[in-house]
1. Taking region 50-93, which residues are surrounded by 14 or more Cβ atoms within 10 Å (Cβ to Cβ) and charged (D, E, K, R)?
2. Name the single residue that is farthest from the chain's Cα centre (by Cα) among those in region 34-68 being charged (D, E, K, R) and over 25 Å from Ile22 (Cβ atoms).
3. Output the qualifying pairs, or none if there are none: Cβ atoms under 7 angstrom, residues six or more apart or on different chains, first residue in region 68-92 and under 13 Å from Leu51 (Cβ atoms) and without any contact (Cβ under 8 Å) to a residue 60 or more places away in the chain, second residue among the polar types (S, T, N, Q) and surrounded by 12 or more Cβ atoms within 10 Å (Cβ to Cβ).
4. Go through (1) crowded, with 18+ Cβ neighbours inside 10 Å; (2) over 16 Å from Leu31 (Cβ atoms); (3) not hydroxyl-bearing (Ser, Thr, Tyr) one by one and return the number of the condition Gly99 breaks.
5. Name the one entry in Thr3, Thr8 that is at pLDDT below 90 and either crowded, with 16+ Cβ neighbours inside 10 Å or among the hydrophobic types (A, V, I, L, M, F, W, C) (or both).
Amino acid sequence: MTTNLFNTSAHLGTFSQYAVTIAMGAFAIALLLNLYRLIRGPSTTDRILALDTAYINVLALTLLLGIVSASSVFFEVALVIAMLGFIGTVVMAKFLHRGDIVR
């Protein structure tokens, strides 16, 4: 007996399935564009903003996976990603501003 993680027919309607699929595609494209800016970015500030935006896109993809799978595990993972993203952004901004994190 196999269970499908993404059995959307049980709890999502047809319109919701299409909306989630389109949203996942849009966030995946946005994540690819963020990764391009992260690698190519002309300055350190651009790279920090691209990484912060990538956290948000990964967070959105995780939440959409939680909606599709109807599992609360993805929502807990999204909470951890949000906390790590916030802490990472604060640390990088402090490093960029002062040149040191601890001072």
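1. If the condition is that a residue be surrounded by 14 or more Cβ atoms within 10 Å (Cβ to Cβ) and charged (D, E, K, R), then Asp52 is the only one that fits.
2. To start, the set of residues in region 34-68 that are charged (D, E, K, R) comprises 37, 40, 46-47, 52.
After this cut, where a residue has to be over 25 Å from Ile22 (Cβ atoms) as well, the list is 40, 46-47.
Numbers: Arg40: 20, Asp46: 18, Arg47: 16 Å.
Among those that are charged (D, E, K, R) and over 25 Å from Ile22 (Cβ atoms), it is Arg40.
3. Within 7 Å, the pairs are Ile81/Thr62.
4. Evaluating Gly99 over (1) crowded, with 18+ Cβ neighbours inside 10 Å; (2) over 16 Å from Leu31 (Cβ atoms); (3) not hydroxyl-bearing (Ser, Thr, Tyr) leaves (1) as the failure.
5. Working: Thr3 fails: either crowded, with 16+ Cβ neighbours inside 10 Å or among the hydrophobic types (A, V, I, L, M, F, W, C) (or both).
Among Thr3, Thr8, only Thr8 is at pLDDT below 90 and either crowded, with 16+ Cβ neighbours inside 10 Å or among the hydrophobic types (A, V, I, L, M, F, W, C) (or both).
The values are calculated or read from the model by the stated rules, or taken from the named source; none is laboratory data. Note that this is a predicted model, so its numbers are computed, not measured. Backbone-built Cβ (ideal geometry, glycine too); neighbour counts: all protein chains shown.
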